[in-house]
Amino acid sequence: MPEFRSWFQCANPECGRSYPLNEVLYKCPRCDDGSKRAGLLEVRHDTGALSAVPAREWKELFDSRYLRTTWPYGSGVWGKKEWVCPMVADENIVSAYEGGSNLFWANRFGHELGLDDLWVKLCGNSHSGSFKDLGMTVLVSMVNQMIAEGKPIQAVACASTGDTSAALAMYGAAARIPVIVLLPESKVSIPQLIQPIANGAITLAVDTDFDGCMQLVSELCSSGEIYLANSMNSLRLEGQKTIAFEMIQQFDWQPIDWVIVPVGNCGNITAISKGFLMLKQLGLLDRLPRLVGAQAAHANPLADLYRRGYPDEPFVPMKARNTQANAIQIGDPVNLWKAIEVLKQMPDHSILDVTEDELADAAAWADRGGLFCCPQTGVALGALLQLVREGRIRRGERVVVISTANGLKFPSFKLWYHAGGEGESPVDEARPAPANPRFRNTPFRCAPNLDSVRHAIDSGIQRLNAIQLG
Ligand SMILES: Cc1ncc(COP(=O)(O)O)c(C=O)c1O
Ligand SMILES: [Zn+2]
């Protein structure tokens, strides 16, 4: 095998300077003018060297490693190391055997929608319970390498809506690297809050929203001793792009017609698009999917720009409103420009938004088919329902919905829906009960005798039969 290389490159085509991946750098120093757009860095690969290996050989290599126990290549990320981060030495890799998440064949839900080939990629079936593990293993491994090389990094830090902090805290704990997380107070779920606490991270609950935490952590990391772990750091996107590789591999390297992904900071949609483009460029995939980004209507800056044809005018961040999909409650996405650039290369993409009732009802409907969806996945499923209703997706087409986190992280979201708006609200404002909770399922209280139990079961069956689909 030839040598493979990757590096940071300034996204400004008039500059194009490159920098080593083991330099503490988030923006091109030459182009950074303090604005969000200027000086963004991307990870680039030596595609000449990668394409010198025939596609068939790559497939065989990746298949030979997939889910095996040869460390670290059994990991869904490190099994594709040459395409992700060849510059990190194996002994510095910090891996939790990430990736390899199952594709759930959503047979019942699909048939209820009139689809024959619907799948849900369960990226939340992972060590810290979300897709963030895929990118964080790459970032923390590179930090580990830099520390081994003598760089004066004292800690890694991130702002988070709950899942990034959980992943960073977990990998930092495994590698014995101190972790600092900034969370918007009362806007993350209890399981998301307790994850970094349990892993020993310095956990700051800040009286602001995600965008405010992001601002603070960027300033905190500007000196270089605390390394920034947000997805503005392109190393994370390199790991996340393996979602595209892995799905295609799971379908025996056959194409997918539609991929639907929830969008917050715009990192994952950027990464997945990059992954598909790389597969196509290196000959492992014949055809790109139609890509759909899904946002909550309460936090929809990318959907708004898409509807307006990505106007070339200064972006005015929106103030995201409270949404049940709190992990994507972001009005000023860090990766907005990277996303728009790469989406323009995806010939057939769209960005939709869904209401609070749509996302809750879609998640509950999918749960009836055996899933247990987080609210962000509900957003992607809400977009799926819109596409089906509009007749844009045809029955035989292969559709994959990206489920980004484990539903167990979001108990109050489900309680709110099923308890009819009673109990703890998943958003911190007085909010009405769900308008159309068709799938609401509350427990029946029974006396301890068979008559009472039988009566409850009859009521339960009537309730099931009353559900109107469609
Ligand atoms: C569960 C979940 N889904 C979706 C997203 C959106 O991903 P991105 O911020 O990369 O757009 C996030 C994180 O922000 C998340 O935690
Ligand atoms: Zn530059």
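Points to keep in mind about this one:
- Phi-based couplings in Hz for the range 180-194 (Karplus 6.51, -1.76, 1.60; Gly and Pro marked x): 10, 10, 10, 10, x, 4, 6, 10, 10, 6, 4, x, 5, 6, 7
- Karplus-derived 3J(HN,Hα) values for the range 104-111, using 6.51 cos²θ - 1.76 cosθ + 1.60 with θ = phi - 60°, are 8, 7, 7, 5, 5, 4, x, 5 Hz; glycine and proline are entered as x.
- Ranked list, fewest to most other Cβ atoms within 10 Å of each Cβ, for LEU134, LEU464: LEU464, LEU134
- For the chain, size of Cβ-based charge dipole, Lys and Arg +1, Asp and Glu -1, in debye: 680 debye
- Multiplying the residue separation of LEU67 and ASP32 by 0.36 nm and subtracting their alpha-carbon distance yields 8.5 nm.
- Footprinting exposure proxy for ILE269, ILE457, ILE351 (fewest neighbouring C-beta atoms within 10 Å first): ILE457, ILE351, ILE269
- The orientation-averaged projected area of the convex hull spanned by the Cα atoms of the range 1-85 comes to 6.9 nm².
- Cα-based shape type of the range 387-470, given that a ≥ b ≥ c are square roots of the gyration tensor eigenvalues and the cut on a/c is 1.5: oblate
- Counting only DSSP H runs of at least 4 residues, each contributing -39500 (n - 2.57), and dividing by the residue count of the chain, the helix-based mean residue ellipticity at 222 nm comes to -11000 deg cm²/dmol.
- For the range 1-146, the calculated P(r) over all alpha carbon pairs, in 5 Å bins from 0 to the bin holding the longest distance, is 2, 9, 14, 15, 16, 15, 12, 8, 6, 3, 1 percent.
- Geometric extent, Cα atoms of the range 297-441 - Rg, Dmax (angstrom): 16.0, 48
- Beta bridges per DSSP with both ends in the chain, % antiparallel, nearest 5: 30 percent
- Restricting attention to the range 25-160, lysine pairs at least eight places apart or on different chains and with alpha-carbon atoms under 19 angstrom apart total 8.
- Ratio Rg/Rh [Cα only; Rh per Kirkwood] for the range 185-242: 0.99
- Global form of the range 280-372, assessed from the alpha-carbon gyration tensor, a/c cut-off 1.5: oblate
- Sparse-neighbourhood loop sites, chymotrypsin sites (Phe, Trp or Tyr not before Pro) in the range 21-94 - DSSP loop, at most 10 other Cβ within 10 angstrom: none
- As a proxy for reagent exposure, ranking CYS373, CYS10 by other Cβ atoms within 10 Å from fewest up yields CYS10, CYS373.
- Based on every Cα atom in the chain, Rg and the maximum pairwise Cα distance Dmax equal 22.2, 79 Å.
No value in this document is a laboratory result; all are computed from the given coordinates. What you see is a predicted model, and the numbers here were worked out from it, not measured in a lab. Reconstructed Cβ throughout: ideal geometry from the backbone, glycine too, with neighbour counts over all protein chains shown.
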